[in-house]
Amino acid sequence: VVAFASTEAVKDVMGALATRFHAAAVPDVASFRVTGGGVEATRPVMASKILAKTEAKGEMVFVSVRSGSYDASESPVTPELTAIPYEFDEGGLKTILKEVIKASGDKVDLNEASVVVAAGRGVKDDEGRKLIEELASLFNGAIGASRSVVETGMFDPSTQIGQTGKVVSPELYFAIGISGAIQHVAGMVNSKVIVAINKDEDAPIFQYATYGLVGDLYKILPPLIEKLREAKANA
């Protein structure tokens, strides 16, 4: 089994590599395990509407793993590395990367943040967006969002979390006004502590929450932010 990070570069070449080595390929998996005859993986399918278990059999299997799917940990053994030099003619390239444009601003990176404050459709206006931003700043955390609220234009596409966005696993995750659709949950379910705020007590997000608050986020967040400000000032 050869495991890759599910980056744009890997997406470009993994299929071709698998063909070259006569290997099976399972891209963009949320999790996988090695079985007797190959690999069993969980990955989004049907335009990321559902999660499917996929089994790939063969002597060699390539998998690419979504960011945040697993915790980083020290290996119990020191791997043996072999450098293989490779030369190629740039003139033969059909695609050339000209420039990488990063998101503007100095905001905390979602993939590196220990605290993520994520907004869903319950955040309906600038007042709600400012509450999300203020809560995130108090924790020096990153701002996230569900696909539905990103599509309204209220949050930048770089903040999108879920099967069609980023996968995160912070120490603390606030799901604010997020119903808990499987597409979003797949991007944050590995968070250590999940705090959900939603006025619908039957919202699926509460099934995954460590702590849940049922109520209007516009009434819950202001006093919470004020208490956090006081605690920070007295620390």
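Read-outs throughout are calculated quantities, based only on the coordinates presented, and are distinct from any laboratory measurement. Bear in mind that the values here come from a model prediction, so they are computed numbers and not experimental data. No Cβ is skipped: glycine too gets one built from the backbone with ideal geometry, and neighbour counts run over all protein chains shown.
Note the full-extension length gain between Tyr86 and Lys124 as 0.36 nm times their separation in residues minus their Cα-Cα distance, in nm to one decimal. List each step's numbers first, then the result.
Numbers: separation 38, 0.36 × 38 = 13.68 nm, distance 5.26 nm.
Using 0.36 nm per residue and subtracting the Cα-Cα distance, I get 8.4 nm.
Rg(Cα) of the range 2-66 divided by 2.2 N^0.38 Å? Each step should come with its number before you reach the end.
On the way: Rg = 11.2 Å, N = 65, 2.2 N^0.38 = 10.7 Å.
Scaled against compact globular proteins, the figure is 1.04.
List the GluC sites (Glu not before Pro) within the range 52-142 that DSSP assigns to loop and that have no more than 11 neighbouring Cβ atoms inside 10 Å.
Values: sites: Glu55, Glu59, Glu74, Glu80, Glu87, Glu90, Glu99, Glu112, Glu127, Glu133, Glu134; in loops: Glu59, Glu74, Glu80, Glu87, Glu99, Glu112.
Passing both the DSSP loop test and the Cβ count: Glu59, Glu74, Glu80, Glu87, Glu99, Glu112.
Using 0.36 nm per residue of separation minus the Cα-Cα distance, give me the extension gain between Glu8 and Glu151 in nm, one decimal.
Net length gain for the segment: 49.3 nm.
Starting from the amide H of Ser31, placed 1.01 Å from N in the peptide plane, find each other amide H under 5 Å away whose residue is 5 or more places distant or on another chain.
Amide H to amide H, under 5 Å and 5 or more residues apart or across chains, Ser31 pairs with Thr42.
Along the range 81-92, what does the Karplus equation 6.51 cos²θ - 1.76 cosθ + 1.60 (θ = phi - 60°) give for ³J(HN,Hα), rounded to whole Hz, x for Gly and Pro?
Taking θ as phi minus 60°, the curve returns 9, 10, 7, 10, x, 9, 10, 8, 8, 4, x, x Hz for the range 81-92.
Just subtract the alpha-carbon distance of Leu93 and Lys199 from 0.36 nm times their residue separation and send over the number in nm, one decimal.
Length gained, Leu93 through Lys199: 32.8 nm.
Quick one: which residues, 5+ away or cross-chain, put their amide H under 5 Å from the amide H of Phe4? H built at 1.01 Å from N.
Answer set, sorted by chain and number: Val63, Ser64, Val65.
Quick one: if you stick a label point 7 Å off each Cα along the C-beta vector at Glu230 and Phe21, how many nm between them?
Once both label points are built, they end up 5.9 nm from each other.
Taking the Cα atoms of the chain alone, what are Rg (to one decimal) and Dmax (as a whole number) in Å?
Values for the chain (Cα only, Rg and Dmax): 20.6, 63 Å.
Got a sec? Which residues in the range 56-73 would a label at Thr35 touch, if it sits 7 Å along Cα→Cβ and we count backbone N under 20 Å?
Taking a point 7 Å out along Cα→Cβ of Thr35, the residues of the range 56-73 whose backbone N falls under 20 Å are 56-66.
For the range 115-234, rounded, prolate or oblate, judged on the Cα gyration tensor with a ≥ b ≥ c (square roots of eigenvalues), a/c < 1.5 rounded, else prolate if a/b > b/c?
Note, shape of the range 115-234 comes out rounded.
How many angstrom lie between the Cα centre of the range 1-79 and the Cα centre of the range 197-235?
If we compute the Cα centre of each part, the gap is 36 Å.
Enumerate the calculated ³J(HN,Hα) couplings along the range 110-117 in order (Karplus 6.51 cos²θ - 1.76 cosθ + 1.60, θ = phi - 60°), each rounded to whole Hz, writing x wherever the residue is Gly or Pro.
4, 6, 10, 6, 7, 10, 10, 10
Under a 10 Å cutoff between Cα atoms, tell me which one of Gly141, Gly37, Gly165 has the largest fluctuation in the Gaussian network model of the chain.
Gly37
Hey, rough spin-label estimate for Ser75 and Glu59, points 7 angstrom out along Cα→Cβ, what's it come to in nanometres?
Between Ser75 and Glu59, the label points sit 2.4 nm apart.
Looking at the range 187-234, which GluC sites (Glu not before Pro) are DSSP coil and have at most 14 other C-beta atoms within 10 Å of their C-beta?
Filter output for the range 187-234: Glu201.
Restricting to DSSP loop positions (anything but H, G, I, E, B) with no more than 15 other Cβ atoms inside 10 Å of their own Cβ, which trypsin sites (Lys or Arg not before Pro) remain in the range 184-223?
Those that pass, being in a loop and sparsely packed, are Lys192, Lys199.
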